Amino acid sequence: MNRLLSTALATGLALAAADASAFSQETHKRIVIDAVNYMNANPDTTNYNKLAAAAAAAGYTVEQMANVLGQGAYDVDDFMDTYFCGATTGDCQTAPVWGLGAGIVKYTSWWHFQNHTRGSDAHGNDKGGYNYDQLRVWGTLDDMAASWLVGDYLDDGKSGMKGWFGDNTKYNTYGVTEANYRQGSSSSKSQYDDFEEMPFQPIDNLGQYWYTKFQQSPTFQTLGFVLHTTDLLQPHHTWTTSALNHAGWETWVNDYYYSEGLNERRAGRRRAQQLHAGAGGQHRHPSAADPGRRAVLLQRRHRAVVDGPQRPPQRRPHRDSQRDCNDGARAQPRGQPFLST
């Protein structure tokens, strides 16, 4: 991985240190803005002066630049760059239309993992991305997605893969998005013809692609895209699961970002604590800015990311080896609306 990208991730780790951490879009933005604030408060040990000079050269104040960077990190989850097509209908969509919920907002989110429970992947990356068939940690949401999307394929443009009744291609995801994130590895269309066996490219490849684009044509927005790789700092993205309270954890961190002292902005944190206390809140913890506490938290986070899960599931839910590619025959979970892609 590029040295600057690795440094950016390390900076994000230091600023996001907490006992529990998973990131919603708003949290991604806060981490980046607080990273700039941290550099501003510590110019002797960071490259803040260079950052400020770059902002001035682009016609931004440092605060404006931080907001552009943060918005870039926020926007990656909204990319309209990944379409799956129904095995029967051939209709292609960017997101579930059958009520899968907040756990998978858009299909682009499946490029945001790096599996630390296994070694290299089918593409030749030293660590792979999300691949349902290779998961060692998974939950109900992973199983539901694989059941609903069984046989669905990645949109690969005109004259490519098709459903039983044609192909309503809308975007060449394989030829554009997957190719961009390939980053020196190798791929074939056959690897993306069934969702439940797709070896998605890992998020570090996404980060490397956008950092290369930043080098070619520097913009703060593009650099902000790179900083979405702070997803690597939370266990759901390194153990690789869309389930196991993934979305709930993200919500918790976003709700308690200030009251738990996850930021460096003391005034903002105090204000958030005052508001929380006024609403009857009881959460008053030591500041994450405390060097001793930060060191302990960083050690915990490092062990979690490197060691992976300590208690993997004992057995995998049974899946029929003979897949039914008929969209209409897919299992319908109780209480969930059903509509095929």
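The values are calculated or read from the model by the stated rules, or taken from the named source; none is laboratory data. Just so you know, these numbers come straight off a predicted model, no measurement behind them. Cβ sites come from the backbone with ideal geometry, for glycine too, and all protein chains shown count toward neighbours. Just the protein is used for accessible areas: all its heavy atoms, side chains included, with ligands, DNA and RNA removed. Shrake-Rupley method; radii C 1.70, N 1.55, O 1.52, S 1.80 Å.
In region 61-86, the residues that are under 15 Å from residue 207 (Cα atoms) and in a helix (DSSP H, G or I) reach residues that are hydroxyl-bearing (Ser, Thr, Tyr) and open to solvent by less than 40 Å² (accessible area, probe 1.4 Å) with C-beta atoms within less than 8 angstrom, at least six apart or across chains, in these pairs: 72/222; 73/230; 76/108; 77/108; 77/109. When residue 218 is tested against (1) part of a loop (DSSP other than H, G, I, E, B); (2) within 19 Å of residue 79 (Cα to Cα), exactly one condition is not met: (2). Pairing each residue of region 36-57 that is open to solvent by 50 Å² or more (accessible area, probe 1.4 Å) with any residue that is outside any helix (DSSP H, G or I), provided the two are 6+ apart or on different chains, yields C-beta distances under 8 Å for 38/46; 38/264; 41/264; 49/43.
Note on region 240-262: residues that are touching a Gly at 6+ places or on another chain (Cβ under 9 Å), at positive phi and open to solvent by less than 10 Å² (accessible area, probe 1.4 Å) total 1.
Do we have residue 176 as within 21 Å of the chain's Cα centre (by Cα), part of a loop (DSSP other than H, G, I, E, B) and not hydroxyl-bearing (Ser, Thr, Tyr) here?
Spelling it out, it is not the case that residue 176 is within 21 Å of the chain's Cα centre (by Cα), part of a loop (DSSP other than H, G, I, E, B) and not hydroxyl-bearing (Ser, Thr, Tyr).
Among the residues of region 183-203, is there at least one that is in contact with a Ser or Thr (Cβ under 8 Å, 6 or more places away or on another chain), in a helix (DSSP H, G or I) and open to solvent by 20 Å² or more (accessible area, probe 1.4 Å)? No, there is no match, as no residue in region 183-203 is in contact with a Ser or Thr (Cβ under 8 Å, 6 or more places away or on another chain), in a helix (DSSP H, G or I) and open to solvent by 20 Å² or more (accessible area, probe 1.4 Å).
One line per residue, one yes/no per condition, for (1) of a type in the set (S, T, N, Q); (2) touching a helix residue (DSSP H, G or I) at 6+ places or on another chain (Cβ under 9 Å):
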{"position": "83", "(1), (2)": "no, yes"}
{"position": "89", "(1), (2)": "yes, yes"}
{"position": "117", "(1), (2)": "yes, yes"}
{"position": "132", "(1), (2)": "no, yes"}
{"position": "161", "(1), (2)": "no, yes"}
{"position": "166", "(1), (2)": "no, no"}
{"position": "169", "(1), (2)": "yes, no"}
{"position": "176", "(1), (2)": "no, no"}
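Against the test of being touching a Cys at 6+ places or on another chain (Cβ under 8 Å) and of a type in the set (Val, Ile, Thr), the options 177, 140, 169 yield a single qualifying residue, 169. Condition first: buried (at least 18 other Cβ atoms within 10 Å of the Cβ), more than 23 Å from residue 179 (Cβ to Cβ) and of a type in the set (D, E, K, R). Can you find one or more residues in region 223-239 that meet it? For region 223-239, residues buried (at least 18 other Cβ atoms within 10 Å of the Cβ), more than 23 Å from residue 179 (Cβ to Cβ) and of a type in the set (D, E, K, R): absent.
Can you confirm whether residue 77 is over 22 Å from residue 249 (Cβ atoms) and either open to solvent by 10 Å² or more (accessible area, probe 1.4 Å) or in contact with a Gly (Cβ under 6 Å, 6 or more places away or on another chain) (or both)? Answer is no for this residue.
Counting the residues of region 121-173 that are free of Cβ contacts under 8 Å to residues at least 60 places away in the same chain and buried (at least 23 other Cβ atoms within 10 Å of the Cβ) gives 1.
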